[in-house]
Amino acid sequence: MQPTSHLHLGNYLGALKNWVKLQNEPDSECLYGVVDLHAITQPYEPGALAQATREIAAAYIAGGIDPAKSTLFVQSAVPGHSQLMWMLSTLTQMGKLERMTQFKDKAGKNAERAGLGLFAYPVLMAADILLYKATHVPVGEDQKQHLELAREIAGTFNHRFGEEFFPLPEPYITGAATRVMSLRDGTQKMSKSAESDMSRINLTDDADVIAKKIKKAKTDADPLPGTMKALEGRPEAKNLVTIYAALSEKNEDTVLQEFEGKGFGDFKPALIDLAIAKVAPVTARMTKLMADPAHIDKILAAGNVKANIIAQDVLEDVQRMMGFWRKG
C-alpha cells in the first residue's frame, strides 16, 4: 500500500484482513512493503511522506500483520527495487504499458504531461514482486492487469536468458469484499484520493464519524431481497451488503436472508454497530503505535534488513545472467 493518505475500510477488507490470513498459512513466507516509491509518481508533500509511511506500517500491525511472522519493510530502503525495475524496463514494450488502464485513469486527458514514473509504475510493481521471486501476490481486482504484465516480464526474462529463474506469480484474491465501493457512488471504488471524505471510512475514524458516514451513505428506497442476484442494478445497496458480509465473515446471501424485506432504516444501524465493533480496535491499536514512532522505526529497520538480504541475492543472480561485470 502507498503512504499517500489514511487507509480506509476498502484497504482493510480488500487486502489487509486477507494478508493476515495468508501469513498464518502453513509454510508461507510473507513480505509486506510500504511502497513509498510508488507514492511519488503523483504530486505529494515531501514533509509528510515519512510520517505517512509510519502510519501505513502502524495500520499493517494494528490490522494483524505480525513482524515476527512476516517481513514488514519500506520499499525505498531496499535499493534492489529500483535497480531491478531499470533492468526489467529494458525488456518491457512501450505498447504494453500504454494499454494499462490505471495509467489511462490517473493520467486522464493529460497523458502526454504525465511523468515517466506513473507510466512505468507497472514495471516497478513487477520488480517489487520478482525481486523476492514471489509465487503468490495478494492483489485487488484492479491490479490483476499489472500482475499479468509482471508474469509476462518474468517469462520474457526467463526466455531471453535461458533459465526458468523467475516464477510466474499467481494472483491471490480472496474474501467477500475484494472490491469495496464508495459510500457516495456504488459504481466507483472506495478510494483514498476521492475528493469527499464521506465516500470512505478511514481506519482513523472514530465511532461518531463512522456512524455519520454510514447514515449518510447513498442507498435506495427498495427493501432488501433474499439473494445477491436480486440486487443487480442496485450498486449502493449491493456495496453495503458486501461490506456487512465481509465484516461479519458471513456469506452475502446469508446476510440478505437475515434482512430480507427490510429497508435501510433497519440495515444501516446494524451495519454501524458492526463497523464500529470491527474498526474501533484497529484504530485504537494504530493510535497507540503512532504514539511511539521509534518503535515503528525499529520494526521497519529490522524488516528492511531481512528484505535486503533476500533482494541482494536475487539481484546478484539477475546481474550475472544479464552479463554485468563483477570483480572476480
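Things to note:
- Label-point gap, in nm, between Gln51 and Glu152 - each point 7 angstrom along Cα→Cβ: 4.1
- Arranged from fewest to most other beta-carbon atoms within 10 Å of their beta carbon, Lys109, Lys144 become Lys109, Lys144.
- Between the beta carbons of Glu112 and Glu170, assuming R0 = 41 Å, the FRET efficiency works out to 0.70 to the nearest 0.05.
- Scattering curve values for the range 197-288, log₁₀ I(q)/I(0), Debye with Cα scatterers, q = 0.10, 0.13, 0.25, 0.26 Å⁻¹: -0.25, -0.42, -1.32, -1.40
- Residues of type aspartates and glutamates that Lys268 reaches as a straight line, Cα spacing below 18 Å, ignoring anything fewer than 8 places off in the same chain: Asp185, Asp205, Asp206, Asp208, Asp220, Asp222, Glu236, Glu249, Glu252, Asp253, Glu258, Glu260
- The length gained on full extension between Lys212 and Thr254, counted as 0.36 nm times the residue separation minus their Cα-Cα distance, comes to 12.5 nm.
- Ranked Val282, Val305, Val314, criterion: other C-beta atoms within 10 Å, fewest first: Val305, Val314, Val282
- Highest mobility in the GNM of the chain, judged by mean-square fluctuation with C-alpha springs under 10 Å and restricted to Asp36, Asp142, Asp222, is found for Asp222.
- Residue ranges 147-153, 256-262, 195-201, 89-95 sort as 147-153, 195-201, 256-262, 89-95 when ordered by packing (mean number of other C-beta atoms within 10 Å per residue, highest first).
- Once P(r) over Cα pairs in 20 Å bins from 0, in percent is calculated for the structure shown, the corresponding label among (i) 32, 57, 10, 1, 0; (ii) 29, 56, 15, 1; (iii) 36, 59, 5 turns out to be (ii).
- Projected label points at Ala284 and Gln93, each 7 Å from Cα along the beta carbon direction, are separated by 5.5 nanometres.
- Percentage relative contact order, the range 197-288, counting C-alpha pairs under 8 Å, at least six apart: 37
- Annotation: extensible slack from Lys238 through Asp142 equals 32.7 nm (criterion: 0.36 nm per residue apart, minus Cα-Cα distance).
- Projected label distance in nm at Thr135 and Asp105, using a 7 Å step from Cα toward the beta-carbon: 3.1
- Partner lysines for Lys144 [C-alpha distance under 24 Å; skip if fewer than 8 residues away on the same chain]: Lys17, Lys21, Lys96, Lys104, Lys106, Lys109, Lys133, Lys189, Lys192, Lys238
- If R0 is 56 Å, the Cβ-Cβ spacing of Asp266 and Lys327 corresponds to a FRET efficiency of close to 0.20.
- Three-way shape label, the range 25-174, alpha-carbon gyration tensor, a/c 1.5: oblate
- Distance between the range 80-132 and the range 181-197 - C-alpha centres, whole angstrom: 25
- Whole-number percent relative contact order across the chain, with pairs defined as alpha carbons under 8 Å at least 6 apart: 23
- Length-normalised contact order for the range 49-207 - Cα pairs under 8 Å, 6+ apart - percent: 17
- In this calculation the C-beta distance from Asn24 to Ile309 is compared with R0 = 25 Å, giving a FRET efficiency of 0.60.
No value in this document is a laboratory result; all are computed from the given coordinates. All of these numbers come straight from a predicted model, not from anything done at the bench. Note: ideal-geometry Cβ built from the backbone for every residue, glycine included; neighbour counts use all protein chains shown.
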